[in-house]
Amino acid sequence: MKNSLSKPTPLPSITLNDVGGLQEEMKEEILQTLSILKEPERSVKMGIKPPKGILLYGPPGTGKTLLAQAIAQELKANFFSASGSAFNEMFIGVGASRVRSLFTSARKQGPAVIFIDEVDALAGKRKPNGGEEGEKTLTELLVQLDGGHDNDGILFIAATNRKDMLDEAFLRPGRIDFSFQVPLPDTKGRREIIDIHIKGKELSDEVRASLDELAESTSGFSGAELSSLFATASRLALRKGRTVLLKSDLDYALDRTILGSSSRALLDV
Ligand code: ATP
């Protein structure tokens, strides 16, 4: 555990163009934020404070982690990543010490992006009778995010499916400067995501001709589900000894994905 928090995660080479379905306005805001972070001295001269913390919120599988990775790559920053639940411990002080060690490692190896997924497990609203350990861990996170520390060269990115569960103090500007909603993609977004996931794949003409229709008929699918759709179809083609993906592979994968989602929905009930 200590090692995984103190070492950056190697990232595949990705850019913002590998994240499909981002709304134009959001893309622009992200690009603007990146340009401020790339030239912090210039921004400070112009009276603009470089942002320290960003929150990405939205349903599972919509590309929040992917987006955080793309931001880190654009900034040529080391990527330190952890799940909020990795800080939940029974023993008083262990979670807080993990938070400290994560920030200390990132400061030593800056520029760095610290990414915490499922941040609600770490920065959830404090409950009157909540555990002392959780409270201590959150307090440590707030301390580490505050100005008392030299966080130049560190960008904190948190992701959650439950923004409503987050502690108000955590969301304060200076800790979290921007919140971006990453929703399920619309038809145009799904078409963009499909394009990303067919890159490098050999598709039959019939499959190529059906991609617009696929984007239209997959309402409610997340980017992760679309990605898994093509991965399943490709595995099937390979099993059948083909490199080209046929419509029958895609139809099979679609059935499997829809079946998977509906059984998950049933389990959620
Ligand atoms: P969770 O909330 O469950 O942590 P997430 O929002 O962080 O999910 P990711 O882990 O980024 O989602 O997505 C998983 C995978 O799904 C990505 O690695 C990518 O292959 C694919 N994917 C998801 N969203 C997109 C997207 N917007 N564009 C392209 N691919 C996507």
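The values are calculated or read from the model by the stated rules, or taken from the named source; none is laboratory data. All values derive from a computational prediction rather than experimental measurement. Reconstructed Cβ throughout: ideal geometry from the backbone, glycine too, with neighbour counts over all protein chains shown. Ligands, DNA and RNA are excluded from the accessible area calculation, which covers all protein heavy atoms including side chains. Shrake-Rupley method; radii C 1.70, N 1.55, O 1.52, S 1.80 Å.
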Residue check for A70: assigned to a helix (DSSP H, G or I), open to solvent by less than 60 Å² (accessible area, probe 1.4 Å) and more than 24 Å from R172 (Cα to Cα): yes
Candidate set from the stretch 35-62 (those that are open to solvent by less than 20 Å² (accessible area, probe 1.4 Å) and either polar (S, T, N, Q) or within 13 Å of the ligand (Cβ to nearest atom) (or both)); member that is nearest to P173 (Cα to Cα): L55
Residue in the stretch 72-89 that is more than 12 Å from the ligand (Cβ to nearest atom), on the phi > 0 side of the Ramachandran plot and either touching a residue at least 40 places away in the same chain (Cβ under 8 Å) or not basic (K, R) (or both) present: no
Residue pairs meeting the criteria (Cβ under 9 Å; at least 6 apart or on separate chains; first without any contact (Cβ under 8 Å) to a residue 60 or more places away in the chain, in the stretch 30-47; second in a helix (DSSP H, G or I) and open to solvent by 90 Å² or more (accessible area, probe 1.4 Å)): I36/R42
Selection count where residues are under 21 Å from R190 (Cα atoms) and not in a loop (DSSP other than H, G, I, E, B), scope the stretch 1-28: 8
Residues satisfying the stated conditions in the stretch 188-237, i.e. near the ligand (Cβ under 10 Å from one of its atoms) and among the β-branched types (V, I, T): I193, I194, I196
Residue, nearest to the ligand (Cβ to nearest atom), within the stretch 132-162, restricted to residues that are under 15 Å from the mean Cα position of the chain (by Cα) and open to solvent by less than 70 Å² (accessible area, probe 1.4 Å): A159
Those residues of the stretch 49-61 which are farther than 20 Å from V113 by Cα and not small (G, A, S), in sequence order: P59, P60
Selection count, the stretch 88-124, where residues are among the charged types (D, E, K, R) and more than 20 Å from D167 (Cα to Cα): 2
Inter-residue pairs, beta-carbon under 7 Å, first over 20 Å from Q69 (Cα atoms) and at pLDDT 85 or above and in the stretch 115-129, second within 14 Å of the ligand (Cβ to nearest atom) and β-branched (V, I, T), 6+ apart: L122/I116
Qualifying positions in the stretch 185-228 - small (G, A, S), farther than 15 Å from T62 by Cβ and either touching a residue at least 40 places away in the same chain (Cβ under 8 Å) or open to solvent by 60 Å² or more (accessible area, probe 1.4 Å) (or both): G200, S204, A209, S210, S217
Unmet requirement for S248, which otherwise passes all of (1) over 24 Å from G20 (Cα atoms); (2) touching a His at 6+ places or on another chain (Cβ under 8 Å); (3) hydroxyl-bearing (S, T, Y): (2)
